[in-house]
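Engineer: Handing you this structure, nothing more for now.
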Amino acid sequence: MKITPFIHYMRKLALHWKIVIGMVLGVLLGFTLLQFESGPQFVKNWIEPIGRVFVRMLKLIAVPLIVASLIKGISDLKDISKFKSMGVKTIVTYVLTTVVAISIGLAIVNVFKPGEGVSQDTIYHLKETYASSSVIQKKISEAENQKNSGPLQFIVDMVPDNAFKAMSNNRMMLQVIFFTICLGLSMLLIPEKEAKPLKDFFDSLNSVVLKMVDLIMLFAPIAVLSLLTTVIVNTNDGGILLALLRYAGVVVLGLILMIVVYLILVSVYTKKSPIWFLKQISPAQLLAFSTSSSAATLPVTMERVEEHIGVDKEVSSFVLPVGATINMDGTSLYQAVAAVFIMQVLWPEGLGFTNQLIIILTALLASIGSAAVPGAGMVMLVIVLDAIGFPKEMLPIGLALIFAVDRPLDMLRTTVNVTGDACVSMVIAKSEGKLGEPKVKNWDDHYKNEDVNQ
Ligand code: ASP
């Protein structure tokens, strides 16, 4: 009998607390299973799939959600010029926050000089362990492919030649956004009566997909347990992690400072409480941390920002999907710190003022070009290093230096990326007079079952 109040209490607990409990249990389970020889195999067979199913479900609804919500957002605008002004404002704000992030990264890496704390022994050990690893080689060749394209290639890449093909690939988010904007704007240009059936269809699809987010999030606590157990079991070289503590500490400090910048923006510009903002957005942050993917987190970010913060769909439907693809403040900050750290260790003569300026520019472009998936930031780091003339033969050693701590830092920078998108969407909404009151919808609002409604 005693169990009933406990279940009742757990049901009433706020979502972010349930997720935090899942994360803590996941870490504990991970360390416990590491004590058994068959632990990692057990995790691979029985625990990892749960997290993967969850991430797949989130990705499954990303494209329908972007399409439905962007069309609803644009067709509610009634006026094309509003879209233009919002678009320009959004891009400019994203670029500004990214430049702030890179500058913070450069400032603290130059002040704390984490590269000076790395011993020759550590360099040797890291080189032996990782420099020839296939993952590092793959990242270098991926960067090579990206680099070989011309300066306007990114515009060509943004335009799909087949709408359905674009929608069938989550990595083509910008193509999907491009097509949807064309569709939405064209709907504004035909008589309202003719556009109505299509608009009604997408309005309805939008509500249904948002409800799916609520349903999927019911599994979030179990899923993060699985995701974190998997991360712990796969990261087992504690000694190396310690050797890189100073570098990792500098990245973490930078990321914390960036969060402070967002909180100041929220408080000063939108006049909302920063603590309230953090509380509302926290489930999306915790998911970003657990999945290391802004793209997978996007549906949850959209739901939180619209329903729990009160940003109008006209704003969030454009600002958030675009942000998930091009605004990566955490990633760009990390790229600046990592590039300078690698230079401090392997190529101190390259550390001039001009190179630091080049880092600002390339890290900005690189974070725009980074895919919103785990580990993408490291691929673009290669391009940043290349731009400053970092010796090619030392590249694998450079990446080997930071590889061991990349996953935990990826988790943290993704959290900052998602927080940045949410913060900018509030700022843009405020400037457009579209920041209203939250309208929270629960998954069972219309589900008439005594059992779950009591
Ligand atoms: N994982 C990051 C994201 O999805 C990108 C990166 O920094 O690797 O936002």
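The values are calculated or read from the model by the stated rules, or taken from the named source; none is laboratory data. The model shown is predicted, which means the values in this text are computed figures rather than measured ones. All Cβ positions, glycine included, derive from the backbone under ideal geometry; neighbour counts span all protein chains shown.
Engineer: Could you tell me which numbered condition Lys279 fails, if it satisfies all but one of (1) touching a His at 6+ places or on another chain (Cβ under 9 Å); (2) buried (at least 24 other Cβ atoms within 10 Å of the Cβ)?
Structural biologist: (2)
Engineer: Would you confirm, using the coordinates I've provided, whether Ile397 is in contact (Cβ under 8 Å) with a residue 12 or more places away in the chain and away from the ligand (no atom under 14 Å from the Cβ)?
Structural biologist: Yes.
Engineer: Show the residue pairs meeting these rules: Cβ distance below 8 Å; 6+ apart or different chains; first residue within segment 315-336 and within 18 Å of Phe289 (Cβ to Cβ) and touching a residue at least 24 places away in the same chain (Cβ under 8 Å); second residue of a type in the set (Lys, Arg) and assigned to a helix (DSSP H, G or I).
Structural biologist: As it stands, the answer is Met328/Arg413; Gly330/Arg413; Thr331/Arg413; Leu333/Arg413; Tyr334/Arg413, since those pairs meet every condition given.
Engineer: If you scan segment 44-73, which residues turn out to be farther than 30 Å from Leu198 by Cα and touching a Leu at 6+ places or on another chain (Cβ under 6 Å)?
Structural biologist: The answer is Gly51, and nothing else.
Engineer: Here's another thing I want to ask about it. Can you run down the residue pairs with Cβ atoms below 7 Å, 6 or more apart or on separate chains, where the first is in segment 171-197 and of a type outside the set (Ser, Thr, Tyr) and the partner is crowded, with 16+ Cβ neighbours inside 10 Å and in a loop (DSSP other than H, G, I, E, B)?
Structural biologist: Arg171/Ala371; Met172/Pro160; Gln175/Pro160; Phe178/Pro160; Phe179/Pro160
Engineer: In this structure, does Gly184 turn out to be surrounded by 15 or more Cβ atoms within 10 Å (Cβ to Cβ) and touching a Ser or Thr at 6+ places or on another chain (Cβ under 6 Å)?
Structural biologist: Yes, satisfied.
Engineer: Got a sec? Which helices (runs of 4 or more DSSP H) wholly within segment 1-71 have at least 3 residues that are surrounded by 13 or more Cβ atoms within 10 Å (Cβ to Cβ)?
Structural biologist: It comes to 15-34, 39-42.
Engineer: Could you list, in sequence order, the residues of segment 375-394 that are in a helix (DSSP H, G or I) and within 16 Å of the ligand (Cβ to nearest atom)?
Structural biologist: Scanning segment 375-394 gives Ala376, Gly377, Met378, Val379, Met380, Leu381, Val382, Ile383, Val384, Leu385.
Engineer: Related question: Residues in segment 270-299 that are assigned to a helix (DSSP H, G or I) and farther than 19 Å from Val231 by Cβ: how many?
Structural biologist: Going through segment 270-299 one residue at a time, the tally reaches 12.
Engineer: Only one residue in Pro321, Pro408 is part of a helix (DSSP H, G or I), within 19 Å of the chain's Cα centre (by Cα), more than 9 Å from the ligand (Cβ to nearest atom) and closer than 19 Å to Val109 by Cα, so which one is that?
Structural biologist: Within the list Pro321, Pro408, the selection yields Pro408.
Engineer: Against the condition modelled with pLDDT under 90, away from the ligand (no atom under 16 Å from the Cβ) and part of a loop (DSSP other than H, G, I, E, B), how does Pro438 come out, does it pass?
Structural biologist: yes
Engineer: Here is a further query. Cβ-Cβ under 8 Å, sequence separation 6+ or interchain: first residue in segment 358-371 and within 17 Å of Ile140 (Cα to Cα), partner more than 15 Å from the ligand (Cβ to nearest atom) and of a type in the set (Phe, Trp, Tyr). Which pairs?
Structural biologist: Going by the 8 Å Cβ cut-off, the qualifying pairs are Gly369/Phe154.
Engineer: Within 16 Å of the ligand (Cβ to nearest atom) and under 24 Å from Ile91 (Cα atoms): does that describe Thr291?
Structural biologist: No.
Engineer: Right, another one. Answer yes or no as to whether Val92 is out of contact with any strand residue (DSSP E or B) (no Cβ under 7 Å at 6 or more places or on another chain) and without any contact (Cβ under 8 Å) to a residue 60 or more places away in the chain.
Structural biologist: It is true that Val92 is out of contact with any strand residue (DSSP E or B) (no Cβ under 7 Å at 6 or more places or on another chain) and without any contact (Cβ under 8 Å) to a residue 60 or more places away in the chain.
Engineer: Which condition breaks for Pro160 when tested against (1) free of Cβ contacts under 8 Å to residues at least 12 places away in the same chain; (2) of a type outside the set (Gly, Ala, Ser); (3) not in a helix (DSSP H, G or I)?
Structural biologist: (1)
Engineer: Could you please find all residues in segment 324-341 being within 19 Å of Ile108 (Cα to Cα), in a helix (DSSP H, G or I) and within 16 Å of the ligand (Cβ to nearest atom)?
Structural biologist: The answer is Asp329, Gly330, Thr331, Ser332, Leu333, Tyr334, Gln335, Ala336, Val337, Ala338, Ala339, Phe341.
Engineer: Then there's this: From the list Lys199, Lys165, which residue is assigned to a helix (DSSP H, G or I) and surrounded by fewer than 16 Cβ atoms within 10 Å (Cβ to Cβ)?
Structural biologist: Of the residues listed, the single one that is assigned to a helix (DSSP H, G or I) and surrounded by fewer than 16 Cβ atoms within 10 Å (Cβ to Cβ) is Lys165.
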